[in-house]
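Taken together, the values in this text are just the output of simple stated rules run on the coordinates, not laboratory data. This is a predicted model, so every value here is computed, not measured. Virtual Cβ from ideal backbone geometry, glycine too; neighbours counted across all protein chains shown.
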Amino acid sequence: MKENSMVQLFVRNLVMAIPWGIILLLVVFIAAVGIKQQVKEAMQYGIRTAIYTTGNFAFDYNTIVPVKQNIKEGVEFVAKTTKNEIKNLLDDPQVKNDLKEIFEYSCQGKQ
């Protein structure tokens, strides 16, 4: 019995594998062509559904009312805090003195 060299063994197995590779490529190609349209439709459906859901969520009454209320309360809080900070700042004797000097100096420059 004659022993085969490694090159002959490799070539023989390669020749046997090529038809199976071609068959596998044909099956994959046929499957890809067959499901191409379904994948496209599924992607379009997913995008449409996401847009619709996002639009409904953004304009939902139960979403808008709390957001509007939170914004109103936030503006009121900032206004109240700013008022108190300015009031405390103006009550400081050093600031009062500085403002008095600024007004006196600005009035002297106009005369």
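Just a few scattered comments:
- Cα-projected label distance for Val27 with Val67, points at 7 Å along beta-carbon direction, nm: 5.1
- Counted as membrane-span-like here are DSSP H helices of the chain whose alpha-carbon atoms extend 15 Å or more along the helix's own axis and whose Kyte-Doolittle mean is 0.5 or above; these are 6-58.
- Dipole of the chain, positive end: most advanced residue of Ile30, Gly55, Pro19 [Cβ charges, Cα centre]: Pro19
- Taking the alpha carbon gyration tensor of region 65-111, multiplying each eigenvalue by 5 and rooting it gives semi-axes of 38, 13, 4 Å, largest first.
- Cα-only Debye scattering, the chain: base-10 log of I(q)/I(0) at q = 0.12, 0.16 Å⁻¹: -0.84, -0.97
- Unit charges on C-beta of K, R, D, E only; dipole of the chain, Debye: 640
- Kirkwood Rh and Cα Rg combined as Rg/Rh, region 19-82: 1.56
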